[in-house]
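Heads up, the thing below is written out as structure tokens.
The values are calculated or read from the model by the stated rules, or taken from the named source; none is laboratory data. Values in this document were obtained by computation on a predicted structure and should not be read as measured data. With ideal geometry, Cβ positions are generated from the backbone for all residues, glycine too; neighbour counts draw on all protein chains shown. These area figures cover heavy atoms from the full protein model, side chains too; ligands, DNA and RNA do not enter into them. Shrake-Rupley method; radii C 1.70, N 1.55, O 1.52, S 1.80 Å.
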Amino acid sequence: MSWQHWITAGGNAVKRALPGYCAFCLSPLRGGDSWCSACFDQLPWNWPACSRCGDEITDSRQALCGHCVTKWPAFDTAHVALRYQSPINALVRDFKFNARPRAGMLLCELMMASLPTPSFEALVPVPMTPERARERGFNQAQWLATELGQRSGLAVFEVQRTRQGPSQRRLNRQARFANLTGAFMVKTPPPAHVAIVDDVVTTGATAHALALALRRAGAQRVEVWAAARTPLVVD
């Protein structure tokens, strides 16, 4: 690799880390925007999507995906405007595994830009066990919920995770749901209308298990607010 390439790559990394440049094409920006209008329009928007869980569907005339037709999740609806595809997947990975604040701020801005004025009363970040939080270094859902709460004026309601269980990554849909049974504990009554906050939704198993715990503790309406949805999972 030539030295010119290293200099260019280093300059691009600096631009991505600082405001004043489009986070996606790196073109200079005016004002306080984080992206240019052309890149914003070309982002992988999650449409068409299931009105209940936000999963990808192939026919815009459908209201629900096949999973929600068969069995509704415990949450009422999911606000997930983007799909976990380039360049959003790179942004999520940079935030989740490299703990880059700039990437987290961009995800928050995209989440705020894609949702009308929230009607829920509090945000509930998907919790980790203390052991997992120490291993990871930070809880990305907690970070997002705190930042979104500050931007929207919403309270953050804490829930405990009683067990972490095996990683969800290599489990199929059915195993993911079984893996999270009884994984969350709600010690105090939550507000009546809450939103679960996470970075990525795959099958919705985590949100389903947490929504069940919140409903048992007294929540009347539970929504999901996430940055991205993975492509359709059929197993």
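For the pair residue 62 and residue 156, what calculated FRET efficiency results from E = 1/(1 + (r/R0)^6), where r is the Cβ-Cβ distance and R0 = 35 Å, to the nearest 0.05?
Once the sixth-power term is evaluated, E becomes 0.55.
Cut-off 10 angstrom, C-alpha nodes, Gaussian network model of the chain. Which of 33, 41, 94 fluctuates the most?
For the chain, modelled as a Gaussian network with Cα springs under 10 Å, the answer is 41.
Residue 114 versus residue 100, label points 7 Å from Cα toward the beta carbon: distance in nm?
Here the modelled spin labels are 1.8 nm apart.
Tell me which chymotrypsin sites (Phe, Trp or Tyr not before Pro) from segment 132-167 have a DSSP coil assignment and no more than 15 other beta carbons within 10 Å of their own.
Sparse-neighbourhood loop chymotrypsin sites (Phe, Trp or Tyr not before Pro): 138.
Heavy atoms only, probe 1.4 Å: what % of the accessible area of segment 44-229 goes to carbon and sulfur, would you let me know?
51 percent
Using 0.36 nm per residue, how much length does the chain from residue 187 to residue 85 gain when fully extended, once their Cα-Cα distance is taken away?
Stretched out fully, the residue 187 to residue 85 stretch lengthens by 33.1 nm.
Per residue, how much accessible surface does segment 23-173 expose to a 1.4 Å probe? Answer in Å², no decimals.
53 Å²
In the set (1) 60, 33, 33; (2) 58, 44, 36; (3) 60, 44, 31, which value of Cα extents along the principal axes in Å was calculated from the structure you see?
(2)
Only Cα pairs under 8 Å and at least 6 apart count here; give the relative contact order of the chain as a rounded whole percent.
Worked out over the chain, it gives 21 percent.
Just tell me the longest site-free run in the chain, where the sites are trypsin sites (Lys or Arg not before Pro) in a DSSP loop having at most 16 other beta-carbon atoms within 10 Å.
Answer from the scan: 72-162.
Write down the percent of antiparallel bridges among all DSSP beta bridges whose residues are both part of segment 81-222, to the nearest 5.
Once the DSSP bridges in segment 81-222 are tallied, antiparallel ones form about 20 percent.
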